[in-house]
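**Q** Questions regarding the structure given below will be posed in turn.
What follows is calculated from the coordinates using simple rules that are stated; it is not laboratory data. Quantities reported herein were computed from a predicted structural model and do not represent experimental measurements.
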Amino acid sequence: MPNSRPNLRDLSLPEIEALFTQKGLPAFRGRQVFRWLSVAGVDSFQQMTDLPKELRRDLEREFSIALPELARQEVSRDGTRKLALRLEDGEIIECVLIPERDHYTLCVSSQVGCAMGCAFCLTGRMGFRRNLSAGEITSQVLKAQEILSSQGLDKKKPLRNLVFMGMGEPLANYEAVIKALNILLYPKGFDFSPRRVTVSTVGLVPQIRRLGQEIRVKLAVSLHAADDQIRTSLVPVNKKYPLEEIIKACKSFPLKRGWRITFEYVLLAGINDSLVQAQRLAKLLRGVPAKINLIPFNEAPSLPFKRPDDKTVLAFQEILMQAGYVATVRQSKGQDIAAACGQLRGVLS
Ligand code: SF4
């Protein structure tokens, strides 16, 4: 049954401090609680050992710090883990832990379902169900850390990178995502480095501009086509925010020295994988500090697209590299457990 007590995990540090002050408690108690909420494995006020016992009891009566429940975990042959989490209202979200050379990356969800309806994406097919709260976003990180530490996996490879590329369009849930980012970057809490956190968008122009003004994290833009006609057929929101406007917003997005914007490009056979498209893409991104990530499509029975052959993928990449771009081909991980890009569906089938 959903818990009616407000969940403190949904509050930012200033909000927790203000709440404590309102109650006549010193603000530092709020900071203590906030820090505890970023420690994996802490799911009860009783574990907050530097708080007076009476305060722990009072907090317990009034607030919740409940975490989502791990509904299922699937482990791929390549070590990728897909975690299905059950939220308090019974909705299921998925996040994906990806092993890299010396760390793990967590692909985080920001919504249950998605309203953007990208043609090649299974999450898009679900439609939009609801936004996640800030606490539901940060809880994915805690659950992932808990799983890694329970198996001693975090010793060799700690969770260091976060990419907001799971279910949902992060910038369509702007307020909660910004709050979650602030919580995750807080140095005395989760302490993620801004250069290891990437927010991905299909190109919501006003929110890209806001994000650049309000927080320093990396940006990834899901482009998938270099002309408006093809892009609108794949990513319907392109009608509202066409390529020219997206590129303009990217050019003015503030980047730290050495940072680039990542442009994701799902390669679909016969749709957007021609050499002419590669040349157009090279031209489109001129003047943007760009890194291009090519993703050969992960075929799914319910989607009408095909993966291009390796020769086509390499020829596409070659044109971009010759034009001076860093262009990588993403080796999709977790394909055998439907955890690769565009495959998250939030169902426990
Ligand atoms: S690709 Fe991203 S933005 Fe598009 S429908 Fe899927 S989850 Fe939504």
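**Q** Show the residues, 5+ positions off or on another chain, whose built amide H is closer than 5 Å to the amide H of residue 64.
**A** Correct list: 7, 8.
**Q** Take the alpha-carbon positions of the chain, form their convex hull, and give its projected area averaged over all directions (one quarter of the hull surface) in nm².
**A** Its Cα hull, projected and averaged over all orientations, spans 17.9 nm².
**Q** Turning to a different aspect of this structure: Ratio of Rg to Rh for the range 63-211, alpha carbon only, Kirkwood?
**A** Dividing the radius of gyration by the Kirkwood radius yields 0.95.
**Q** Something else about it: What list of whole percents do you get for P(r) of the range 167-297, with Cα-Cα distances grouped in 10 Å bins up to the one holding the largest distance?
**A** All Cα pairs considered, the percentages come to 12, 43, 32, 11, 2.
**Q** Can I ask one more? When the chain is fully extended, how far beyond the present Cα-Cα distance does residue 210 get from residue 191, taking 0.36 nm per residue of separation?
**A** Taking 0.36 nm per residue and subtracting the Cα distance, the gain is 4.6 nm.
**Q** Right, here's the next one. Counting alpha carbon pairs within less than 8 Å and at least 6 residues apart, what relative contact order, in whole percent, applies to the range 8-62?
**A** Computed over the range 8-62, the figure is 23 percent.
**Q** Still on this model: Which of these, 73, 145, 213, has the largest mean-square fluctuation under a Gaussian network model of the chain (Cα springs below 10 Å)?
**A** Of 73, 145, 213, the most mobile in the Gaussian network model is 213.
**Q** Please compute, for the alpha-carbon atoms of the range 8-62, the extent along each of the three principal axes and give them in descending order in Å.
**A** That gives 27, 23, 18 Å along the principal axes, largest extent first.
**Q** Also, I was wondering about something else. Which whole number of Å³ per residue matches the convex hull of the alpha-carbon atoms in the range 1-115?
**A** In the range 1-115, the Cα hull volume divided by residue count equals 152 Å³.
**Q** Sticking with this structure for a sec: What's the center-to-center distance, using Cα atoms, between the range 53-86 and the range 190-264 in Å?
**A** Centre-to-centre distance over Cα atoms comes out at 31 Å.
**Q** Over the chain, what is the relative contact order in whole percent, taking alpha-carbon pairs under 8 Å and six or more residues apart?
**A** 16 percent.
**Q** How are the Cα pair distances of the range 229-306 distributed, in percent, across 5 Å bins from 0?
**A** 3, 12, 21, 25, 20, 10, 6, 2, 0
**Q** Could you run the Karplus curve 6.51 cos²θ - 1.76 cosθ + 1.60 with θ = phi - 60° over the range 83-97 and give me ³J(HN,Hα) per residue in whole Hz, x for Gly and Pro?
**A** 9, 9, 10, 9, 7, 4, 8, x, 5, 10, 10, 10, 9, 10, 9
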